[in-house]
Each structure stands twice: as C-alpha cells, then as structure tokens.
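Structure first, then comments.
No lab work stands behind these numbers, since they all come straight from the coordinates. Owing to the predicted nature of the structure, the values given are computational and were not obtained by experimental measurement. In this analysis, Cβ positions are derived from the backbone assuming ideal geometry, glycine residues included, and neighbour counts consider all displayed protein chains.
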Amino acid sequence: MAPHANETSSNNNGHDATPQPQQPHRPSQRASAKGGPKILPPGCSEENFTSFLDAARKLVEDDNVFLIELDHNLIDGDYMQPCKGHDMHAIVDREYFVASATVSPRDVPEVQELMRLCNKHEIPVWPFSIGRNTGYGGAAPRVPGSVCMDLGKHMNKVLDVNVEGAYALVEPGVTFFDLHEYLEERNLREKVWLDVPDLGGGSIIGNAVERGVGYTPYGDHWMMHCGMEVVLPNGDLIRTGMGALPDPTVSKDPNLRPDQQPGNRCWQLFNYGFGPYNDGIFTQSSLGIVVKMGIWLMPNPGGYQAYMITLPRDEDLHAAMDIIRPLRMQMVLQNVPTLRHILLDAAVYGNKKSYSSSDKPLTDEELDEIAKKLDLGRWNFYGAVYGPEPIRNVLLSVIKQSFLSIPGARFWLPEDRKEPNSVLHTRSNTLQGIPSVDELKWVDWLPNGAHLFFSPITKISGDDAMLQYSVTKKRCVEAGLDFIGTFVVGMREMHHIVCIVFNREDHESKKKAHWLIRTLIQDCAEHGWGEYRTHLALMDQIAKTYNFNDNAQMKLNERIKDALDPKGVLAPGKNGIWPKGYDKEAWAIPSE
Ligand code: ADP
C-alpha cells in the first residue's frame, strides 16, 4: 500500500505566518494522462510539466531527458546497473518514491539553468551523483513526481590529482572505482591512496555529502573533503573556503566561465577560508548541488598490514569495546576498524539456506555452530597497521597484547585464511583503499534480498555497545529477522550499522523490516541514541527525535531552507526539512 495523505488536514509547517498564496503541497500521487509521467510533481498541471520538459529538452538535448511514463515498468536493475528514478530496495510500495523524469545536465551552466527552470515552473528536483545510495533510497526522490537530476552521467571527470598536496578534485560522477583506476593507470598509488567504503560503485561526492565512511585512517570522508563548488537553489554558483578567493597567479583568462576558472592554490589545502564555514550546510541537505569537491588522499604510508582478531563469545563485545576505545583515541588503531557480528561475515560466505533450514531468527547455538564451521568468532575485528615495518611491528604487538587478554581470542593475518572469497582478504583490500563489490553478497542472505541500514551512533564503551546490541537484537528477533550488524569505530564514537535484510518480493517481509526500523528509531531515541543517516522513508521520524529545546535546530534549518530556496524546489523533505509550501505532517510516511 502506498503511503497516502489525510486530505482533511491543512496546517502549514509552523514556519513564519506569512500568507500562503496557495494551499500547501500535499501528497496526491497524481498520474497524468497517457504520454505523461507516471506521477506528476505535486501541485503541477500537465501543461506546466510539459512546458518544463520542453525547456529542459532544449537545454540538455532529448537524449538527456528520460520521462518515467504512466505505463513504465519500474525495473530495479542491480548494483552495477542501478535504476535511476525509483528505489530498487523499496521498503514501501515501489510505486511511491518515483520520479516523474530524470534529466542529465552536461556541465555546470546547465545545472544552473535547470535550477532556474525548476524555480520558474515550481518543480521539485532531486539531485544525485550516481544514484546507488544503497540501503538509503537509491536514486529515488523524497517527493514522488520530483524530477531527478542525474549529475554523474556526464559530469564525471577527475579534474586534478595533486600528488605533492595529496588531494584530488572531482566531479559528481567520479566513483571510488574511477578514482582508483585513475591512480592505478598513472602509477600514482605509489604516492597516494584513496579511502573507499565497503562498495566501490558510489560517488565520492555523494558519499562525502551524506557523511559516509571508509576504513583507512582517512575513513571520515566528510572530514577529509576540502573545498566545494556548489550551485545554489536559485542557480547561483559559489566556491567555498579558499575557493572564494581568486588567485591571479594561477590564471587570468577573462574568457573562462566561473566554473572553468582554476581554483585558488589553497582551495584543496585549507577548508575554512574566511568568515562562517559554509560547507556543512551542503551535507545531508537541500541547500545546494555540489558540482566539484576536493578530497584528501593519504600519502602512501610505505607499508601496510591487515589483520583480523576473532572473539569466541557473544559477550566478548563488552571487553573488546573497552580495549578499542583507548587504542583508537591514541591512534594505536590508526584506521577505522570494524567489529563485525558473525552473521555479517557468514552472509558474505553463503545465504541463510546454506546454514539452516529454519526460517526463524537463528539461535545462539546455531550461531556458535556457524562460527565453528567458518572458523570465525561470534565477533570478528578487522583492522590494519600502516607505516614502515618497525612502526607496524610495535603497533601490532600492542594491539595483539591488548586483544589477546580476552580468553579464546585469536589473531589472523590474510595468509592464514585459505577459504575462497575470504572476508579478511576483501577487508585487506578495502583497508588499503582498493575498492570492490564483494560485500554485496550479504544482501542475498534472504531470497530476493534487499536491505535497509539502521545506523545509530554510540559511545565506544562496553556498557553502551552491549546495551545497544541487546536493544537492537531483541527487536530483530521480534520482527522474525536475524541480527546482522557491525560497529564501525570512528575517532570518538561508533556508527553501529544494523543491516536489515528483507525479501523485496514478499510483502510481509517488507512490512516486518519497516516495522523493525521504525521501532528501533523509537527505542534508540528513548536511550538517547540517534542515527547518522537514513532511508527516505524514515527521514521525518528521525528528524523529529533531534528535538532539543522545542525543535530549535529544525526551526533554524527551516528558516535557512526558506531563505535560500523560497519556492522550495530543491529536494523538499530531504532529512525531514520541508519548505514552507509543503504541509509536512501530510507528507510523513505512515507505518502500515
Ligand atoms: P551514490 O554516490 O552512493 O550512488 P547518490 O549519488 O545517490 O549516492 O547520492 C546520495 C544522496 O546524496 C542523494 O540522494 C542526494 O541527496 C545527495 N547527493 C548526491 N550527490 C549530490 C550532489 N552532487 N549535490 C548535492 N547532493 C547530492
């Protein structure tokens, strides 16, 4: 069933009480006549939409406008060939989060002009770089009928790799695979490494602006970005940080368009420039379209060693966390390590059926058996040390000594693992910035596997981790699903990533997954835990949990949104922030 509006409620957002010329937009799922889109943007007439599309076609040419027609079969595709107008891992009715059309600009002036057109026609637009965004909504827009802007189709150049400064400047369509290949082809990995997330097919810009993570010492991608070029909702173009300062020593060519002008020599070296630091407002936001971004690369450390430590008992999580905290804060653990539940690794090696005929959540005894069969622990810690051999040896000896104080803990190097597709071998690549798609396999734990991520933040502490694990696992079991998760250890906190796998062809399975994530959000808020990122369907619910002092932060976000985007055309509803022209209560996604 598609989420639907309660057509009788009419309250506006609680923004400033300026009179609204029209009724606020509410969901209507209005299809157009044959030949039109499956879903029209809210409040948009067929004539207005046609006139927008004609103008867009003139601007970017016919091949770069794709209409999602009334009778279009929403084909999910797969990770390598993702769909570009809906969510392939749909958690609500797959016909709900669907775009009206996808438009692919070829350069920055076309992005600017498209924003002006969207304002003129009051059409919501949802930008994405690649549109994989797996587990968080893919390429789908929050508001059905929005026009998706596919930035990555054409704007996909590595503009610069500077070895001396150890950074790259990229366009939206550059994936982790692309930049890795670029470095390999030019033998630049001898000098600089890229940090990559679990799957390499996402964009560097999309991942950084969503505040995604990787696993080398440069794993916090947002921390490692430096300098952006952004198109604002009204079509204006800005550069942030040192990019705002022209550099006459680099170029004085008066014929270059602003977006073609070389940046200041320090644009990718110093993030803050002068005055308020703007970059943060362009993350998880609906305030700008990032068309260029700098990302720091890690100087090749001159040596590297990945390792795994297996911990035999479920309750070893507690001791492990209290060992990890000081080591991570002192940077003895130099990278972003992970402590993975047995089923995350087991799911990479095979689907549920290959271990058990049960369709219930696996019991402790069954999990012990799987761990034994795979020669793994109930928890498995993956890390790496970086630098010349003497440094690595010292670090490794401290790490080993600390973890091996846990009875039964075992230490492994990649060469100790002989099984095909060894997770440690994959992690050994990932932890040195070599991208892959091996981790996709765990999504097939269930037939027609699809997934959602539930990702609360927690302290690096035995007590907190155990409590969060037991709260989340209990609800997974109640939903009839297996707990599959990992703790991703940042510099002071952890992203606890619970992988909710469901069968996308089974309505009951989707319902359970949806119930589970909604319940987990509520449970976690009651413990003071909040999520760092989420799927389209859960954005409003999570935004409401960040409600200190009568929602003061949301009020600020709404004021900024309305000031920068008065017509509310750029990504309305993203991360729970609704423009004044939308009735936000009516847009909330109901639970079934
Ligand atoms: P991926 O790179 O994993 O394929 P997407 O390209 O789908 O991910 O990006 C994920 C989300 O990040 C998008 O839904 C959008 O909200 C935001 N986003 C991605 N690229 C940009 C961009 N260039 N400018 C602004 N927001 C972006």
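Annotations for the structure displayed:
- Theoretical FRET efficiency, 1/(1+(r/R0)^6), r = Cβ-Cβ of Glu184 and Ser470, R0 45 Å, to 0.05: 0.55
- The modelled label-to-label distance for the pair Leu256/Thr50, using points 7 Å beyond Cα in the direction of Cβ, is 4.4 nm.
- Relative to its residue count, the stretch 366-431 spans a Cα convex hull of 95 Å³ per residue.
- Per-selection metrics, the stretch 438-561 (Cα): Rg and Dmax in Å: 15.3, 45
- The aspartates and glutamates whose alpha-carbon is closer than 14 Å to the alpha-carbon of Lys511, local same-chain residues fewer than 8 away aside, are Asp93, Glu478, Glu592.
- Listed by chain and number, the lysines whose alpha-carbon sits under 29 Å from that of Lys512, ignoring those within fewer than 8 places in the same chain, are Lys38, Lys84, Lys352, Lys353, Lys360, Lys441, Lys459, Lys473, Lys474, Lys544, Lys574, Lys584.
- When the GluC sites (Glu not before Pro) in the stretch 172-247 are filtered for DSSP coil states and for at most 12 other beta-carbon atoms within 10 Å of their beta-carbon, no site remains.
- For the chain, the dipole from Cβ point charges (+1 on Lys and Arg, -1 on Asp and Glu) about the Cα centre works out to 620 debye, to the nearest 20.
- Start at zero, step by 10 Å, and the Cα-Cα distances of the stretch 36-111 spread as 18, 45, 32, 6 percent across the bins.
- For the chain, the equivalent ellipsoid derived from the alpha-carbon gyration tensor has semi-axes of 39, 30, 21 Å in decreasing order.
- For the chain, the longest principal axis of the C-alpha atoms and the axis of helix 46-60 are separated by about 70°.
- 3J(HN,Hα) couplings calculated from phi for the stretch 350-367 with the Karplus curve 6.51 cos²θ - 1.76 cosθ + 1.60 (θ = phi - 60°) are, in sequence order, x, 7, 4, 4, 6, 10, 7, 8, 6, 9, 9, x, 5, 7, 4, 4, 5, 5 Hz; Gly and Pro show x.
- Taking amide H atoms as placed 1.01 Å from N in the peptide plane, the amide H of Val147 lies under 5 Å from those of Ser100, Val125, Trp126, each 5 or more residues away in sequence or on another chain.
- Cα Rg, Dmax (largest Cα-Cα span) when computed across the stretch 244-347, Å: 22.1, 67
- Contour excess over end-to-end distance, with Cα ends at Lys459 and Arg116 and 0.36 nm allotted per residue: 119.1 nm
- In sequence order, calculated HN-Hα J values of the stretch 77-87 (Karplus, 6.51, -1.76, 1.60; Hz; x Gly/Pro): x, 9, 4, 6, 10, x, 6, 10, x, 8, 9
- Burial ordering of Asp54, Asp195, fewest other beta-carbon atoms within 10 Å first: Asp54, Asp195
- Derived scalar couplings ³J(HN,Hα) [the stretch 329-341; Karplus, 6.51 cos²θ - 1.76 cosθ + 1.60; whole Hz; x for Gly, Pro]: 5, 7, 6, 5, 7, 7, 9, 8, x, 10, 10, 9, 5
- Cβ-derived FRET efficiency at R0 45 Å, Val163 paired with Lys400, nearest 0.05: 0.85
- Cβ-Cβ distance of Glu389 and Asp368, R₀ of 30 Å, FRET efficiency by 1/(1 + (r/R0)^6): the value works out to about 0.20.
- Reduced Cα scattering model of the stretch 319-433, Debye log10 I(q)/I(0), q = 0.18, 0.22 Å⁻¹: -1.01, -1.35
- C-alpha long axis of helix 548-564 to longest principal axis of the chain, angle in °: 50
- Segment Lys544-His527, length gained on full extension (0.36 nm per residue, minus Cα span): 4.6 nm
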